[in-house]
1. Quick one: how many Å² of A:Val196 are accessible to a 1.4 Å probe, rounded to 10?
2. Rolling a 1.4 Å sphere over the protein heavy atoms, what is the accessible area per residue of the protein assembly as shown, to the nearest Å²?
3. ³J(HN,Hα) across region A:53-62 via Karplus (A = 6.51, B = -1.76, C = 1.60, θ = phi - 60°), whole Hz, x for Gly/Pro?
4. If A:Leu226, A:Leu85, A:Leu249 are ordered by their accessible area, calculated over protein heavy atoms with a 1.4 Å probe, which sequence runs from highest to lowest?
5. Rounded to the nearest 10 degrees, what's the angle between the helix A:78-98 long axis and the longest principal axis of chain A, both from Cα atoms, 0 to 90?
6. For region A:116-126, just list the computed ³J(HN,Hα) in residue order, Karplus coefficients 6.51, -1.76 and 1.60, θ = phi - 60°, integers in Hz, with x standing in for Gly and Pro.
7. Got a number for the accessible area of A:Ile66? Probe 1.4 Å, square angstrom, nearest 10.
8. Carbon and sulfur: what percent of region A:152-275's accessible surface (1.4 Å probe)?
Amino acid sequence: MSVTTEHAETTAHSEAEETGPPEVANFITVLARSPLKDTPVVKFLHHWENPVFSWLIVVIIGVVVIRGTRRRLMIPSRFQNFLELLVEKFHDFLCGMLGKENGRRFLPYIGSLFFFILINNMCGIIPFMKSSTASYRTTLALALCTFFYVQYIAITKRGVLGYLDHLAGEPRDVIAWCMVPLMFPMHIVQELAKPVSLSLRLFGNVLGEDILIGAFVVLGIALFGLTGFEAIPIGFPIQILPFFLAVILGTVQAAVFAILSTIYILLVLPHEEQP
Amino acid sequence: MLQSLLTTLSDPKVHEAIAQIVTQIIAFLVFVWILKKFAWGRLLQLLDERKEKISSEFDRIKALEEKFIALEHDYNEKLKNIDVEARRIIQDAIADGRRMAQQIADKARQDARQITDKAQQNIEMEVTKARLQLKQDIIKMTLLATEKIIKERLDEAKHRQLISSFIDTIEKN
């Protein structure tokens with residue numbers, strides 16, 4: 001039990017080992033447990049673990065995308081074809097929801113949001129990587145981006161007075177005006193609830209997946225320990241089972257976040273611009 | 001309330017959380033910028049260009065197809081007309097040939113007739129001439145015979161006229 005537990009603890013570490021359930025170790029936590037743990041670089045990486053993974057993804061995807069689209073061929077290579085397929089499908093999907101003009105306008109934001117979340121979610125199943133979306137700070141940051149972007153769109157499309165009118169429920173008769181004291185704070189609360197619900201939903205789901213994977217890793221190591229070879233630092237790879245769940249849920253959660261952001265944008269667009 | 005907010009913000013943990021959130025926001029905005037600049041914009045533009053190119057190619061192919069169909073129709077019509085034309089040319093040639101043959105035959109016939117007429121005229125002229133000569137000879141011989149019979153010289157001019165009128169009477173009968 002003691003050896004098994006030790007393996008489990010080394011492999012399934014958590015930055016919040018004092019506070020919560022274990023997560024699968026990533027390269028930063030491995031460094032933080034190595035003899036280099038007291039170096040300033042490792043300390044910095046460990047302290048800024050989630051932003052580091054986010055930036056890592058930004059850099060990797062940035063390089064891949066820049067390289068992939070550098071030579072825009074009329075007869076595309078396989079990789080360019082793959083990128084075009086993603087872009088076209090997302091474009092068609094958004095245009096279906098927002099109309100052609102708005103779909104094209106908001107595609108860069110919504111599309112990037114989807115892929116950022118999706119790739120972050122998928123990092124949870126890549127060895128030595130981590131889903132930074134399992135941190136509430138990351139999901140709150142994304143939700144705040146959407147919140148402020150939606151407010152910006154609402155104000156630029158409707159004007160300040162138009163947006164206030166929208167928040168007041170667009171009163172046009174006496175009864176509607178009487179409802180304004182109720183509708184206005186309700187709309188404000190509704191707007192403020194959007195980033196909270198967006199961020200909590202994503203955070204909870206991704207954290208749950210990561211914890212599940214971590215638990216399965218621990219379980220695999222524990223089961224391997226029962227075979228009598230507990231000295232070997234390895235476990236049964238039974239975390240493959242929640243991997244499939246993580247892929248599905250990670251994709252669904254990215255899609256939900258992106259779709260809800262699209263709907264929030266759609267709701268603040270002037271009526272004549274809504275499809 | 002403001003005091004409590006400032007107190008909360010000055011808490012190192014809150015401060016750190018805000019710093020991380022801002023860093024994540026910046027990371028995401030950089031991600032959006034990169035994708036907007038290098039993926040969405042470029043690829044959508046490329047897709048549009050390709051769509052337009054394919055569309056124009058299809059239009060061009062359609063126009064060419066229509067042109068080829070028109071040309072094919074035109075050639076078929078011409079092929080059909082070629083048979084008719086060839087038949088017409090042959091017919092014309094045959095007609096020309098017949099006409100020329102007719103002309104040649106007519107000319108030959110006319111020439112033959114002219115030659116015959118001329119020969120006839122020559123014959124007639126020769127006959128007339130011979131007859132005249134014969135008449136002169138007969139008159140002359142008759143005068144000579146008569147002079148020998150009567151042993152007297154006759155008046156040549158008067159007797160020549162008598163003999164000539166006699167011969168004319170015989171010819172008429």
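1. 70 Å²
2. 63 Å²
3. 3J(HN,Hα) across region A:53-62, in whole Hz: 5, 4, 5, 4, 5, 4, 5, 4, 5, x.
4. Accessible-area ranking of A:Leu226, A:Leu85, A:Leu249, largest first: A:Leu226, A:Leu85, A:Leu249.
5. Taking Cα atoms only, the helix is inclined about 40 degrees.
6. 4, 5, 4, 5, 4, 4, 5, 4, x, 9, 8
7. Using a 1.4 Å probe on the heavy atoms, I get roughly 60 Å².
8. Carbon and sulfur: 79 percent of the exposed surface of region A:152-275.
The values are calculated or read from the model by the stated rules, or taken from the named source; none is laboratory data. These numbers were taken from a predicted model, which means no experiment stands behind them. In this analysis, Cβ positions are derived from the backbone assuming ideal geometry, glycine residues included, and neighbour counts consider all displayed protein chains. Quick note on the areas: whole protein, heavy atoms, side chains included, nothing else; ligands and nucleic acids left out. Shrake-Rupley method; radii C 1.70, N 1.55, O 1.52, S 1.80 Å.
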